[in-house]
There are 2 protein chains.
Amino acid sequence: MFSRYLPILEWGRTYNRNVLTDDLMAAVIVTIMLIPQSLAYALLAGLPPVVGLYASILPLVLYAVFGTSRTLAVGPVAVISLMTASAAGAIAEQGTAQYLEAAITLAMLSGVMLAILGILRAGFLANLLSHPVISGFITASGILIATSQLKHILGVTAGGDNWPDMLGSLAASIDETNGWTLAIGIPATMFLFWVRKGAKPALQKVGLPERAADMTAKAGPVVAVALTILAAIAFDLQDKGVNIVGAIPQGLPPFAVPSTDLALIEQLWVPALLISIIGFVESVSVAQTLAAKRRQRISPDQELIGLGAANVASAFSGGYPVTGGFARSAVNFDAGAQTPAAGAYTAVGIALATLFLTPLLFSLPIATLAATIIVAVLSLVDLKTPGRLWRYSKADFAAHIATIAITLIAGVEMGVIAGVVVGLLLYLWRASRPHAAIVGRVPETEHFRNVERHEVFTVPHVLSIRIDEALTYLNARWLEEYVLEEVAERPAVRHVILMCSAVNAIDASGLESLEAINHRLGDGGIGLHLSEVKGPVMDRLQRSHFLEELNGQVFLSQSRAFEKLASDDGAPPEPHDHYLARGLI
Amino acid sequence: MFSRYLPILEWGRTYNRNVLTDDLMAAVIVTIMLIPQSLAYALLAGLPPVVGLYASILPLVLYAVFGTSRTLAVGPVAVISLMTASAAGAIAEQGTAQYLEAAITLAMLSGVMLAILGILRAGFLANLLSHPVISGFITASGILIATSQLKHILGVTAGGDNWPDMLGSLAASIDETNGWTLAIGIPATMFLFWVRKGAKPALQKVGLPERAADMTAKAGPVVAVALTILAAIAFDLQDKGVNIVGAIPQGLPPFAVPSTDLALIEQLWVPALLISIIGFVESVSVAQTLAAKRRQRISPDQELIGLGAANVASAFSGGYPVTGGFARSAVNFDAGAQTPAAGAYTAVGIALATLFLTPLLFSLPIATLAATIIVAVLSLVDLKTPGRLWRYSKADFAAHIATIAITLIAGVEMGVIAGVVVGLLLYLWRASRPHAAIVGRVPETEHFRNVERHEVFTVPHVLSIRIDEALTYLNARWLEEYVLEEVAERPAVRHVILMCSAVNAIDASGLESLEAINHRLGDGGIGLHLSEVKGPVMDRLQRSHFLEELNGQVFLSQSRAFEKLASDDGAPPEPHDHYLARGLI
């Protein structure tokens, strides 16, 4: 009972020295990776760099207690940082106390929402984001994020919430490019690109074993950070107009009580909800992928609670919204983390860094952090998906492209909303006009197939229609129109058989449509019959008056229905002859 | 081509004297019925009575040109009048010029929206309102409307947009009840109730033939109007505190240019959209019911254009939102209307009334109009549906009750929105956890049935799963979890067969889940096989790389798949052996 809501009780019982060693090892590696990332993503969110560190301490501890993934590494991530910048930017200017307050409030709201969704077991809401919408959103976010960082590489001031504005703003300020900043930014970007692909083989060539080479390559950003700090000090770059991180407050995160300003909450709840859902979807995908590799399982509803607790903790310690990140979780996994305790040890590592390392980062050029971000997010841009979707499904392609276009043009919030809405509309459109086929018997068999696809046997006075969809309110109107239209085109028809082998459910609206069809066909002396009704559907029909009013029969199999009605001698249908229905259950 | 958008071109060609006579006859009867109704519904909408007449002239002519129903009678209706009052009341006080402007703007916006939906052929959006939601909304609206009119029967001043407010406001002012108003209102209400049920048999008893008795009974409201006007004059009721209609401007509707105030449009577009959708759903249901009785057909998309034109016409002639009404359309149908021209003749009748009859209505007590409304709307309240839904489907029951409760408590707009949202959430919830069953072979047959419902044959190393739902993004996550969970529970499994006889579609997200399942099962040396894949689904799978990567085979029938894999001798699955798939198309 307790262990359902507190997974720590389960893995904690079997914790031992071996597991501790593995977890500590992984924590050291993730800590080294997370320090520059936290600073960089705080920058992307428009916040002081130290806020990124704060968001990487307490949230990790809380996730370790409540989360179900053994290897997920929680903290600031690129897309959520961009969404935070967009939402807080609508409230106040970057750099103001109101802006920071808005970011903290977002973490609070998002944490509470995630926890509530978890308690309500409403994780299914994340299903509203289809794969094409998510991948479109991630691609567009990657483009937006990379573009937003170009100003730091150039050393100019520029703004914009969407792509056209960003590009325009960049173009307007390109004259002010600072050569020294460029001289840091471009080499740093190139080095980090090389580290991604080329460092591991190079390190192996000089004799490192594969795993060590891989781990060392992951520390590439730390090398870039160290080298550019040295360069900044050596060439006194701050005086030459290069922006540096500057003084970072030393010490543990402050205890902060998040705002309870209702007006602020009213302005922020929609972006907070979007941040929650995107964060949850990203985190769960990562967690599921990693869990499957070790044949472990995660519980999506409990993950909501874990992420909710992490975000609330972030808010109370002066941080901003966090979630499970792909890159760092993969590193954690590869480095051998066994339990969520690895996350707690990482938190200790970051706390130590906050206490003792921040003075070393004083001269770190902002351009280096921008380069870290650009290299990280460009891997999010996926250019293969559009072509693949185009070939497979035009509707999914449309949802994907619409999400990319609207995210680029109207910003991240509108992008997510548009993706959900477009996806739903396309789904509803398809559900409202399902596939149905007139079927006939394949000669010498008991199989019935589409008359347009196969050579089959039919008789003029019996019309067999197979409906390939649940009968729900979304297609109730269509059903009436379709059946009556097909009957109207065939004056000889005296019996209609609805073959229900693919009808997985009939809701109240579908039932009303069936009643209307039964009634109207009855007016014209035409019998309505059902065949191959599934067990659960039949159980439900028994609870209505439909079967008593049915102007025909319910048959166990389509072939029996066709056989009996095809040999019908022309007598009018018997309105209440449904003995077969009684025997079916 | 033209006749698709202008149905008048079709029926106009065969128009002759016989049809003319029928149409004229129907028009006279509908006109007599429509005069008191128009005044009453304008009152309900909080507008001057004459606005109801204006809304019953030009809109009818435009619908006659663009509409596809031969018998639908367009004009002000109760529910739309209530929605208009609610939306315009949020902008200004009743009786002000701003209030009237808001009502006219609603007609304009609603007309434009309907026409756009029609041109986009987006009538399927009306499907978002399920039958339980619509009937809940209509029931709650009936209760709200009847309650809102009680103040006119009592002769007091009261307000409120929702039921608790209305009842509170009534209770607070009940001391001020005007006895003379009550003396008009109560008999008028009783008389109209009697007319509904008792007048026809009574008239038949005194010797009128059935049809004439029916039509005369329909004129009951006119009798009530005439009698109470005479009473008001005879007893000088205006001086005794009874509210009367007073001076109605004589003359044809003014030509009015609707407002293009953007701020107003921004405030009104949501209610206008709701009015459009509710109006469309109500109108199309009526039109379809009547068309089916004469084996005619209507085109829902063209209906959108017809109703759109009618509403734009209403706005340009000083009217408010209109749609097809049930009662008056039924009268039109019963009175023998043959073509939409009957509507145009009705418009002429109302125009004549506006020119010449309005002085006669000076002394008409408002209480009489309120009685007309109360009697009309109480028939909308449907008390049988909740019980019927409870027995058939708890989810539909929940949507129905939620719609009633929220409409009563939070008003009509929130009611419609809540109904749509609750309906969608329940639908998505069900779609996100579809029915699936582990199946086995029914002994001595080729049929496969649920192992929990039937005595069937299975083997430990083959797991057959039948999925009873299209694989879409809504259940993609569920699919992965379900299949992997079932496999994890059965360590002996070496082959998984997904029986796809009820899988009507696989979208890109479903495909990705299948790929993930294939990949993960493959990692564990388990083969993934598909059986009974439908033609259109297979066509689409051929366009992806899935079949090439499939870690198993595609079988035409489940029994062939089971036979082959059950006799498998334990050799590992052959990853690229899918020759059967090639032969299937």
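Observations
- Filter result (touching a helix residue (DSSP H, G or I) at 6+ places or on another chain (Cβ under 8 Å) and at the interface with chain A (Cβ under 8 Å from one of its Cβ atoms)) within segment B:482-515: B:Leu484, B:Ser501, B:Asn504, B:Ala505, B:Asp507, B:Ala508, B:Ser509, B:Leu511, B:Glu512
- Subset tally (residues that are more than 9 Å from every other protein chain (Cβ to nearest Cβ) and touching a strand residue (DSSP E or B) at 6+ places or on another chain (Cβ under 6 Å)) for segment B:449-478: 11
- Restricting A:Ile265, A:Ile278 to residues that are at pLDDT 85 or above, more than 14 Å from chain B (Cβ to nearest Cβ) and open to solvent by 40 Å² or more (accessible area, probe 1.4 Å) narrows the list to A:Ile265.
- Boolean, B:Ala292 is in a helix (DSSP H, G or I), open to solvent by 20 Å² or more (accessible area, probe 1.4 Å) and either in contact with a Lys or Arg (Cβ under 7 Å, 6 or more places away or on another chain) or within 14 Å of another protein chain (Cβ to nearest Cβ) (or both): yes
- Among the residues making up segment B:255-293, a single one is over 24 Å from B:Leu128 (Cα atoms) and either outside the structural domain of B:Gly75 (by TED's automatic domain parsing) or touching a Gly at 6+ places or on another chain (Cβ under 7 Å) (or both): B:Ala256.
- Residue in segment A:314-333 that is open to solvent by less than 40 Å² (accessible area, probe 1.4 Å), within 14 Å of another protein chain (Cβ to nearest Cβ) and under 17 Å from B:Arg477 (Cβ atoms) present: no
- Lone unmet requirement of (1) at pLDDT below 95; (2) buried (at least 24 other Cβ atoms within 10 Å of the Cβ) for B:Gln98: (2)
- Hits in segment B:481-492 - residues which are without any contact (Cβ under 8 Å) to a residue 40 or more places away in the chain and either within 37 Å of the chain's Cα centre (by Cα) or open to solvent by 10 Å² or more (accessible area, probe 1.4 Å) (or both): B:Glu481, B:Leu484, B:Glu485, B:Val487, B:Ala488, B:Glu489, B:Arg490, B:Pro491, B:Ala492
- Those residues of segment A:525-560 which are free of Cβ contacts under 8 Å to residues at least 40 places away in the same chain, open to solvent by 40 Å² or more (accessible area, probe 1.4 Å) and more than 8 Å from every other protein chain (Cβ to nearest Cβ), in sequence order: A:Glu532, A:His545, A:Glu548, A:Glu549, A:Leu556, A:Arg560
- Looking only at residues in segment A:417-443 that are among the basic types (Lys, Arg) and not in a helix (DSSP H, G or I), the one that is most open to solvent (accessible area, probe 1.4 Å) is A:Arg433.
- Per-region count, segment A:39-59, residues closer than 15 Å to A:Phe316 by Cα and either within 21 Å of the chain's Cα centre (by Cα) or outside the structural domain of A:Ser141 (by TED's automatic domain parsing) (or both): 1
- Check on A:Asp396, more than 23 Å from A:Ala516 (Cβ to Cβ) and either touching a Pro at 6+ places or on another chain (Cβ under 8 Å) or buried (at least 19 other Cβ atoms within 10 Å of the Cβ) (or both): yes
- Look at (1) facing chain B (nearest Cβ under 10 Å); (2) more than 24 Å from B:Thr472 (Cβ to Cβ) and you find that A:Arg441 fails only one, number (1).
- Evaluation of A:Glu446 against (1) under 17 Å from A:Phe555 (Cα atoms); (2) within 10 Å of chain B (Cβ to nearest Cβ); (3) not in a loop (DSSP other than H, G, I, E, B) (one fails), failing number: (3)
- Residue ranges of helices (runs of 4 or more DSSP H) in segment A:451-544 with at least 2 members small (Gly, Ala, Ser): A:476-488, A:508-523
- For segment A:7-56, a tally of residues being aliphatic (A, V, I, L, M), open to solvent by 50 Å² or more (accessible area, probe 1.4 Å) and more than 30 Å from A:Thr358 (Cβ to Cβ) returns 2.
- Only a single item in (1) under 27 Å from the mean Cα position of the chain (by Cα); (2) in a helix (DSSP H, G or I) is not met by A:Thr21, and it is number (1).
Yes/no matrix, rows are residues, columns are (1) within 19 Å of the chain's Cα centre (by Cα); (2) open to solvent by 20 Å² or more (accessible area, probe 1.4 Å); (3) at pLDDT 90 or above:
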{"residue": "A:Ala347", "(1), (2), (3)": "no, no, yes"}
{"residue": "A:Ile350", "(1), (2), (3)": "no, no, yes"}
{"residue": "A:Ala367", "(1), (2), (3)": "no, no, yes"}
{"residue": "A:Thr385", "(1), (2), (3)": "yes, no, yes"}
{"residue": "A:Tyr392", "(1), (2), (3)": "no, no, yes"}
{"residue": "A:His400", "(1), (2), (3)": "yes, no, yes"}
{"residue": "A:Ile404", "(1), (2), (3)": "yes, yes, yes"}
{"residue": "A:Thr407", "(1), (2), (3)": "yes, no, yes"}
{"residue": "A:Gly415", "(1), (2), (3)": "yes, no, no"}
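- Enumeration of residues in segment B:298-312 that are open to solvent by 10 Å² or more (accessible area, probe 1.4 Å) and touching a helix residue (DSSP H, G or I) at 6+ places or on another chain (Cβ under 6 Å): B:Ile298, B:Pro300, B:Asp301, B:Ile305, B:Ala309, B:Val312
- Where helices (runs of 4 or more DSSP H) sit wholly within segment B:297-394, those with at least 3 residues that are out of contact with any strand residue (DSSP E or B) (no Cβ under 6 Å at 6 or more places or on another chain) and in contact (Cβ under 8 Å) with a residue 40 or more places away in the chain occupy B:300-316, B:326-334, B:341-356, B:366-378.
- Selection within segment B:116-133 - more than 9 Å from chain A (Cβ to nearest Cβ), in a helix (DSSP H, G or I) and open to solvent by 40 Å² or more (accessible area, probe 1.4 Å): B:Ile116, B:Ile119
- B:Arg211 meets the conditions (1) modelled with pLDDT under 90; (2) surrounded by 15 or more Cβ atoms within 10 Å (Cβ to Cβ) in every case but one. The failed one is (2).
The values are calculated or read from the model by the stated rules, or taken from the named source; none is laboratory data. Keep in mind it's a predicted model, so treat the numbers as computed, not measured. We place every Cβ from the backbone using ideal geometry, glycine too, and count neighbours over all the protein chains shown. The accessibility values were calculated without ligands, DNA or RNA, using every heavy atom of the protein model including side chains. Shrake-Rupley method; radii C 1.70, N 1.55, O 1.52, S 1.80 Å.
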